[in-house]
Amino acid sequence: MRNITVAAAQLGPIQKDDSRQAVVARMIDLMDQAKAQDVDLIVYPELALTTFFPRWYHEDVAETDIWFEREMPNAATRPLFERAIAHGMAMNFGYAELTPEGRRFNTAILVDREGQIVGTYRKVHLPGHGEFDPERAFQHLEKRYFEPGDLGFPVFDFLGGTFGMCICNDRRWPETWRVMGLQGVEMVVLGFNTPSVNSQDAEENLERRLFHHKLSVQAGAYQNATWAVAVAKAGVEDGHPLFGGSIIVNPEGEIVAETQTEDDELLVHTCDLDATTFGKKTMFDFSRHRRPEHYGRIVAQTGVERSPD
Ligand code: CDT
């Protein structure tokens, strides 16, 4: 057995005026609760340090600089790193990254028990739009404020296993999971901020939106025989609701733990990384069963085409 006790540290809403310091204090509180349950790895949401700012339109992208981190750790997040080191706890969280070259990414990091950043991931599948869209009930401007990630989907030797990351909308794309599956991933950690309503379809209900979220994570876990830990930022942020539904999913695709609120809430589960072996050696033994000679379209085209193979 290779047991890892993991905590999904769901965050409730973060308002526009909430300071980084106040958010980090909430994250530390969840970390202390996790320590009391002997957690090895704590996973926080996408853009964990701020409100989900891509809902706000700015003509001048530079006006969003206040939501970005220029270095990590920094003055605001150092207390989080220090507490993690004191607890000997590894962590994962997302934030808006502004590089020294002025590039902007929606980023997540894996931090080891000694507080070292050992893995960086930059969100590849940016949802939404790049210009103000008057047709939508609210904006989702990730394509305006971020570049698509430039690091692919790497996996990392971490806590005695093989770990990967993705962020929010990435979970809906089977390519995300398979690229990590092909590297033998054993646990995928991801954070999300998902609106409870569809800005382009007021009829779509929350039940269906949660179904699509769970369907995506459960399918990704099952089809790649990996654990998955999906963590929400939830609740009403500046009048805009985000759903909860943080889940831990086993390599059979079954939900083994799920949050019940839209507030700060901790889910803890002990995951045996060896539980990934059965699926990887049988149904999803890729080396025996995959037929890549028939998958060329997956990398050759983006949109739908009926041209001959
Ligand atoms: N943050 C994020 O990626 N949210 C998306 C919703 C996009 S709606 C335009 C998601 O896939 O949950």
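The values are calculated or read from the model by the stated rules, or taken from the named source; none is laboratory data. Note that the coordinates shown come from a computational prediction; the quantities given were computed from them, not determined experimentally. Counting neighbours? That spans all protein chains shown, and the Cβs are built from the backbone with ideal geometry, glycine included. Please note that ligands, DNA and RNA were not included when accessible areas were found on the heavy atoms of the full protein model with its side chains. Shrake-Rupley method; radii C 1.70, N 1.55, O 1.52, S 1.80 Å.
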Selected residue [open to solvent by 40 Å² or more (accessible area, probe 1.4 Å), closer than 30 Å to residue 160 by Cα and more than 17 Å from the chain's Cα centre (by Cα)] from 85, 66: 85
Cross-chain or 6+ apart pairs with Cβ under 6 Å, the range 119-147 first and without any contact (Cβ under 8 Å) to a residue 40 or more places away in the chain, then more than 10 Å from the ligand (Cβ to nearest atom): 120/109; 122/105; 122/107; 122/149; 122/151; 130/144; 143/130
Residue 94 vs. criteria farther than 17 Å from residue 53 by Cα and within 16 Å of the ligand (Cβ to nearest atom): no
Selected residue (criterion: nearest to the ligand (Cβ to nearest atom)) from residues of the range 33-44 that are touching a strand residue (DSSP E or B) at 6+ places or on another chain (Cβ under 7 Å), part of a loop (DSSP other than H, G, I, E, B) and not acidic (Asp, Glu): 44
Entirely in the range 72-185, the helices (runs of 4 or more DSSP H) that have 3 or more residues that are farther than 22 Å from residue 224 by Cβ and among the hydroxyl-bearing types (Ser, Thr, Tyr): none
Condition broken by residue 213, with the remaining ones in (1) within 16 Å of the ligand (Cβ to nearest atom); (2) closer than 27 Å to residue 67 by Cα; (3) touching a strand residue (DSSP E or B) at 6+ places or on another chain (Cβ under 7 Å) satisfied: (3)
Leading residue by the ranking (nearest to the ligand (Cβ to nearest atom)) among those in the range 216-239 that are of a type in the set (Ser, Thr, Tyr) and either within 16 Å of residue 54 (Cα to Cα) or surrounded by fewer than 24 Cβ atoms within 10 Å (Cβ to Cβ) (or both): 216
Strands (runs of 3 or more DSSP E) wholly inside the range 219-309 containing at least 3 residues that are small (Gly, Ala, Ser): 227-232
Among residues of the range 252-269, those that are in contact (Cβ under 8 Å) with a residue 40 or more places away in the chain and open to solvent by less than 40 Å² (accessible area, probe 1.4 Å), counted: 5
Any hit, the range 149-162, residues being within 12 Å of the ligand (Cβ to nearest atom) and either under 20 Å from residue 72 (Cβ atoms) or surrounded by 15 or more Cβ atoms within 10 Å (Cβ to Cβ) (or both): no
Boolean, residue 80 is more than 16 Å from the ligand (Cβ to nearest atom) and either on the phi > 0 side of the Ramachandran plot or modelled with pLDDT of 95 or more (or both): yes
Among residues of the range 270-286, those that are crowded, with 19+ Cβ neighbours inside 10 Å and closer than 17 Å to residue 217 by Cβ, counted: 4
Verdict on residue 124 being in contact with an Asp or Glu (Cβ under 8 Å, 6 or more places away or on another chain), of a type outside the set (Ser, Thr, Tyr) and closer than 21 Å to residue 43 by Cα: yes
Among the residues listed as 17, 32, 60, the single one being of a type outside the set (S, T, N, Q), modelled with pLDDT of 95 or more and open to solvent by less than 60 Å² (accessible area, probe 1.4 Å): 32
Residue list for the range 118-135, restricted to those being within 14 Å of the ligand (Cβ to nearest atom) and aliphatic (A, V, I, L, M): 124, 126
Residue identified as modelled with pLDDT of 95 or more and under 20 Å from residue 218 (Cβ atoms) among 185, 124, 118: 185
Test: residue 2 is basic (Lys, Arg), within 25 Å of residue 162 (Cα to Cα) and touching a residue at least 60 places away in the same chain (Cβ under 8 Å): yes
Test: residue 47 is within 16 Å of the ligand (Cβ to nearest atom), in contact (Cβ under 8 Å) with a residue 12 or more places away in the chain and either surrounded by fewer than 21 Cβ atoms within 10 Å (Cβ to Cβ) or under 22 Å from residue 146 (Cβ atoms) (or both): yes
